[in-house]
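Comments concern the structure below.
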Amino acid sequence: MAHALFSKVGLASSPIYSCPTQDTSLSPITLKCKATVSKESILHHSFLGECAALQVVAVTKRRGIKTRNVQAKVITGPLELETATEPPINLFKPKEPYIAKIVSVDRLVGPKAPGETCHIIIDHGGNVPYWEGQSYGVIAPGENPKKPGLPNAVRLYSIASTRYGDRFDGKTASLCVRRAVYVDPETGKEDPAKKGVCSNFLCDAKPGDEVQISGPSGKVLLLPEDPKATHIMVATGTGIAPYRAYLRRMFMEDVPDYKFTGLSWLFLGVANTDSLLYHEEFSEYLKKFPDHFRYDIALSREQKNQSGGKMYVQDKIEEYGAEVFELLDKGAHIYFCGLKGMMPGIQDTLQKIAEQRGLKWEEKLADLKKKKQWHVEVY
């Protein structure tokens, strides 16, 4: 018998059900349920509100955050989130932010990762809707240490969930946040006076804590509506956030009028295996959708590039340079998100590949921008 937890939209707690055995490795399924208890997996309820339309999504546990294996696509709602023709922009300003609440804070990385990165779910009650690729502003409580008497400055974070959130009901948003600390190079100790105020506030937050958010903002990384498009996504570290949202929309959610049949190719660069973010989730897509998803990682402290040096994300792109350029020639979109320091090395690599193909990179780049295939959001 396939067991499941029945999660009804809009309720803080849910009754538990179990369902008849079904082959969940195939297409989305409809199940009839009866009330018997189990805690092995999460069953997400159709937004229509009755027990007859349920989607099974198995659950695994990784480093404190639950990762859903892709068994059948999850029904989402409210469907009104699909009807807008323009993305929501700056519904709440930094001077008049929305007061949301923290749902959960979970460590994403393993013990050998340099630094701490957390997955943070925020409940906005459906009042601060957003589209995939947008950002929220977060204002930490307290006074600005550099401007006494004024509130802390707003900090922007790319949203790591689709418009439906991790609960698939349109009421939450997720952030991927690395705790910013400063280590004195002479003593080797952290200096609390120089830590990142907002990132530490978020990583230290507890369920139920209030959080001030502004936005949403951003149009550069909005996901094109064409379900047949090709997407090449390049990220370092927490720059993975918008791509997690893209991929959940493409491969996890059952979204009306959006059935992805194109290709998504993710290049992710991090320090080591313990630093990988949402790796199990992406690996599930790779297994279930091999014709529509490719996933390549660069581990700078564990892998070597073709020249014997550290493997950075641009080195991984170079390995597949010919394929990348062929896809760009056919209209693929290419995205970059992460620390701004990643871009010079990537640009140099792309220029090298272009020259090997007898192209002038400046002209190719101008053409990509003109055709709106080039998308960059770095910080």
Rounded, prolate or oblate: which one fits the stretch 216-286, using the alpha carbon gyration tensor with axes a ≥ b ≥ c (rounded when a/c is under 1.5, else prolate when a/b beats b/c, else oblate)?
-> prolate
At a 1.4 Å probe radius, which order do 201, 325 fall into by accessible area, largest first?
-> 201, 325
State the extension gain, in nm to one decimal, for the chain segment bounded by residue 339 and residue 195, taking 0.36 nm per residue of separation less the distance between their alpha-carbons.
-> 50.1 nm
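Net charge near residue 375, counting Lys/Arg +1 and Asp/Glu -1 over other residues with Cβ under 11 Å of its Cβ?
Working: positive: 219, 369, 372; negative: 377.
Here the charged neighbours net out to +2.
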Can you send over the carbon and sulfur percentage of the accessible area for the stretch 241-320, probe radius 1.4 Å, protein chains only?
-> 45 percent
Solvent-accessible ranking of 335, 320, largest area first, probe 1.4 Å | 320, 335
If each of residue 89 and residue 302 carries a label point 7 Å out from its Cα toward its Cβ, how far apart are those two points in nm?
-> 4.2 nm
Inter-label distance for residue 369 and residue 183, nm, one decimal - labels placed 7 Å from Cα along Cα-to-Cβ = 3.8 nm
By average C-beta atoms within 10 angstrom, highest first, the peptides 240-251, 360-371 = 240-251, 360-371
Amide H neighbours of residue 118 under 5 Å, at least 5 residues apart or on other chains, H built in the peptide plane: list them.
-> 108, 177, 178, 179
Give the cross-link partners of residue 101 among the aspartates and glutamates, using a straight C-alpha distance below 18 Å as the criterion and excluding same-chain residues fewer than 8 apart.
-> 123, 166, 169, 204, 209, 210
In nm, to one decimal, how far is the modelled label at residue 143 from the one at residue 254, with both set 7 Å along Cα→Cβ?
-> 5.5 nm
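Name the shape class, rounded, prolate or oblate, that the alpha-carbon gyration tensor gives for the stretch 258-379, where a ≥ b ≥ c are the square roots of its eigenvalues, rounded holds for a/c under 1.5, and otherwise prolate holds if a/b is larger than b/c and oblate otherwise.
In terms of gyration-tensor shape, oblate.
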Step through the residues of the stretch 112-129 one at a time and calculate ³J(HN,Hα) from phi using the Karplus curve (6.51 cos²θ - 1.76 cosθ + 1.60, θ = phi - 60°), rounding each to whole Hz and writing x for Gly and Pro.
-> 8, 6, x, x, 10, 10, 10, 9, 10, 9, 10, 8, 10, x, x, 8, 10, x
3J(HN,Hα) from dihedral phi, the stretch 355-367, Karplus parametrisation 6.51/-1.76/1.60, rounded to Hz, x for glycine, proline | 5, 5, 9, x, 10, 9, 4, 4, 6, 5, 4, 4, 5
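The values are calculated or read from the model by the stated rules, or taken from the named source; none is laboratory data. All values reported here derive from a predicted model rather than from experimental measurement. Reconstructed Cβ throughout: ideal geometry from the backbone, glycine too, with neighbour counts over all protein chains shown. The area values use the complete protein model at the heavy-atom level, side chains included, leaving out ligands, DNA and RNA. Shrake-Rupley method; radii C 1.70, N 1.55, O 1.52, S 1.80 Å.
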